[in-house]
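Notes to accompany the following structure.
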Amino acid sequence: MSVRETSPLDTVADQYVDAMADLSPSFAISLGRPLPAQAIEDFSTEGEQAWLSLITTTIDRVRQTDTVDQVDKVTKAALLQSLQIDLELYEAGEVLGALNNISTPVQSIRDGLTMMPNNTKADWEDIIRVIEAVPNAYAQYQQALVTAVNRDRAPSRVQLQAVLDDLAQQTSSHNPFMRVFDQLKESDYSTQLQSRMRHGVEKATGATREFAAWLADTIAPHASNTDHVGHERYMLHSAQFLGMRIDPDEIYAWAHEELIRIHREQQTIARELYGNDTTVQDAMRALNDDPAYQIHGTQALLSWMQAVSDQAVDELADTHFTVTEHMRALECMISPAGDGGIFYTAPSDDFSRPGRMWWAVPPGENVFHRWQEKTTVYHEGMPGHHMQLSRAVAQKDTLNSWRRNACWFSGHGEGWALYAETLMDELGYLSDPAERLGMLDAQRLRAARILVDIGLHLAKERPHVSFLHEIGISEQAYKQALRTSPYHGLGSPSSGDDEWNRNDVWAFMSTNVAMEPAFLQFETTRYLGWPGQASSYTVGQREWFRTREAFQRAYPEASLRDFHDRALSQGGLPLAVLNQALELS
């Protein structure tokens, strides 16, 4: 393949990535780049202004730069779409001082350490620099939170409590700084650096504890008791995650039908497995109790994940996907965060750090169910995020660094991963009815949370009993789940009597999916505090299937591998630009 010459627009895009890495050390770490002079991002209003300046300057530069080929045309459309969405979010005050249980400074301060290399003395000195920067980072975040409260963007009670719980873990059993310190003591550089790191760890832990106390004393009194954000704010966040504008009413109605369809397929499998009188819930309980589908302990989970991943890579490479030698490396890991998240981290730009799938097992969780989780491995690994993101990183001869490494829209990325789950079913990898039931359970989760996400944030009417019956949920089970909601301790939510509220979110999710309570609470709290993100998965999946159908109509002689190769060689894109990239519109 010929190497495409770098265009003026590629230079603008590459320089934008360089500037992003300077402003966000955690982003630089994710790319495998050296840690910049600033060890942790500036979370204050000054940091906000720096991002705004970068965004507006880059928009002007992109508009003024001519395109030289089809690759450039796609880059220009994608960059302008992405930058405009970011600009709208900053101008609406939706970024500064954000606080939730999954994607705010509380997590980025902690999580960057997990991905940092620790092979040399210089690596360890960078880790120490990050730890030493924690007190200042929390001071900047405090200023941002005060500003957010003054802008009428105070966090909700639910998110504040979730973060306080997280911080309590960080200063006790899951101290991320002490974990790294323990690793240093086992390294060749312990004697030289241990004293400095010990001091840094003490300061970072103290700053974390002080921030938690400040949060409880200063911000908690202002916390909102309303979880929904309303139409205008929801549409902004939805565009942030999808890279396209949607009609939420159409998506909400479609999700109702999708959930009914999935339930009927699940019901058929449940009866096939255990007889005609078996409900979906009965079948899932029986499978959870079946030793043949149980995995005991995190090490056994890790071994099983790796075996499933290795098989998928070996058998799909060069049959349904083009896979380079570097892309074959996929490592399965247990994340030390312990918060219930399951995620993938892309390889570094030079593939010196391979793609990795992470499972943050909550404390006390020791039994895992392979009938349910096999599809998760396909989602995070091969042919899901690993295939998608490692393929993008490998496109150095064609794409600029923004499209390879930095452009991420959940609708495009998570939509692909859901497409990958159903593709594996198409290809026969879920021929065991129990494992197919697990795939449908995962699909049902994503369809159900469209209703939760749009229903809650747009203050729609809570689900009718007749609809619950259509998807196999009894009114009694739903009411029992309402009574056991973990959010009751936060008081009655501020919502209309007939509207979705946080307790309905819990009841609806807990009666729709087979998920351990610790995982489920993490998930439902995430939906409450991250408007638009939960819907982006299934909406994105729908767009991927529509794009595949359009590609097959336009190129009837093309194979499935042709579609996958063409689509994934485009790198990251907003969904609004996907068809343009494939020259389908």
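Beyond 17 Å, how much of the Cα-Cα pair distribution for segment 378-433 remains, as a whole percent?
Values: 662 of 1540 pairs.
I get 43 percent for the Cα pairs in segment 378-433 exceeding 17 Å.
Of the peptides 477-489, 224-236, how do they stack up when ordered by the mean number of other Cβ atoms within 10 Å, highest first?
Working: 477-489: 14.8, 224-236: 16.9.
Packing order, densest peptide first, comes out as 224-236, 477-489.
In angstrom, the C-alpha Rg and Dmax of segment 268-394 are 16.6, 55.
Summary value for the chain: 18 percent relative contact order, contacts being C-alpha pairs under 8 angstrom separated by 6+ residues.
Once backbone amide H atoms are built at 1.01 Å from N, residue 332 has 357 as its partners under 5 Å, excluding neighbours fewer than 5 places away on the same chain.
If we sort 455-462, 216-223 on the protection proxy, mean other Cβ atoms within 10 Å, highest first, what's the order? Mind dumping the intermediate values first?
Working: 455-462: 20.0, 216-223: 14.2.
Peptide ranking by packing, descending: 455-462, 216-223.
Karplus-derived 3J(HN,Hα) values for segment 516-533, using 6.51 cos²θ - 1.76 cosθ + 1.60 with θ = phi - 60°, are 4, x, 5, 5, 5, 5, 4, 5, 5, 4, 4, 5, 5, x, 9, x, x, 6 Hz; glycine and proline are entered as x. The phi-based Karplus calculation (6.51 cos²θ - 1.76 cosθ + 1.60; θ = phi - 60°) puts the 3J(HN,Hα) values of segment 130-141 at 5, 4, 5, 7, 4, x, 5, 4, 5, 5, 5, 5 Hz, whole numbers, x for Gly and Pro. Ranked by the mean number of other Cβ atoms within 10 Å of their residues, highest first, the peptides 156-165, 398-407, 373-382 come out as 373-382, 398-407, 156-165.
Starting from the exponent 0.38 and prefactor 2.2 Å, build the expected Rg for segment 322-425 from its residue count and divide its actual Cα Rg by it. List each step's numbers first, then the result.
Numbers: Rg = 14.3 Å, N = 104, 2.2 N^0.38 = 12.8 Å.
Taking N as the residue count of segment 322-425, the ratio is 1.11.
A full extension of the chain between residue 325 and residue 310 corresponds to an added length of 4.1 nm, given 0.36 nm per residue minus the alpha carbon distance.
Shown in residue order for segment 164-176 are the 3J(HN,Hα) couplings computed by the Karplus curve 6.51 cos²θ - 1.76 cosθ + 1.60 at θ = phi - 60°: 4, 5, 4, 5, 5, 5, 5, 9, 9, 6, 10, 5, x Hz (x for Gly and Pro). Surface composition of segment 65-124: carbon plus sulfur atoms contribute 48% of the solvent-accessible area (1.4 Å probe, protein chains only, all chains present). Solvent exposure of segment 301-354 amounts to 41 Å² per residue of accessible area, where only protein heavy atoms count and the probe is 1.4 Å. For residue 156, the residues whose amide H sits under 5 Å from its own are 224, ignoring neighbours fewer than 5 places away on the same chain, with H placed 1.01 Å from N. Between residue 265 and residue 57, the simple spin-label model (points 7 angstrom out along Cα→Cβ) gives 4.9 nm.
How much of the pair distance distribution for segment 503-557 lies past 16 Å, counting alpha-carbon pairs only, in percent? Show your work: numbers first, answer last.
Working: 855 of 1485 pairs.
For segment 503-557, the fraction of Cα-Cα distances above 16 Å is 58 percent.
Amide H contacts under 5 Å for residue 344: 358, restricted to partners 5 or more places along the chain or on a different chain, H placed in the peptide plane at 1.01 Å from N.
Any idea of the accessible area per residue across segment 12-133, 1.4 Å probe, to the nearest Å²? Please list the in-between numbers first.
Details: 4740 Å² over 122 residues.
In whole numbers, segment 12-133 has 39 Å² accessible per residue.
For the pair segment 107-154 and segment 454-529, the centres of their Cα atoms are 34 angstrom apart.
When N counts the residues of segment 3-150, how does its alpha-carbon radius of gyration compare numerically with 2.2 N^0.38 Å, as a ratio?
1.16
Kirkwood analysis of the Cα pair distances in the chain returns a hydrodynamic radius of 24.9 Å.
The values are calculated or read from the model by the stated rules, or taken from the named source; none is laboratory data. Not measured: the values here are computed from a predicted model. We place every Cβ from the backbone using ideal geometry, glycine too, and count neighbours over all the protein chains shown. To get the accessible areas, we keep the full protein, side chains included, count just its heavy atoms, and leave off ligands, DNA and RNA. Shrake-Rupley method; radii C 1.70, N 1.55, O 1.52, S 1.80 Å.
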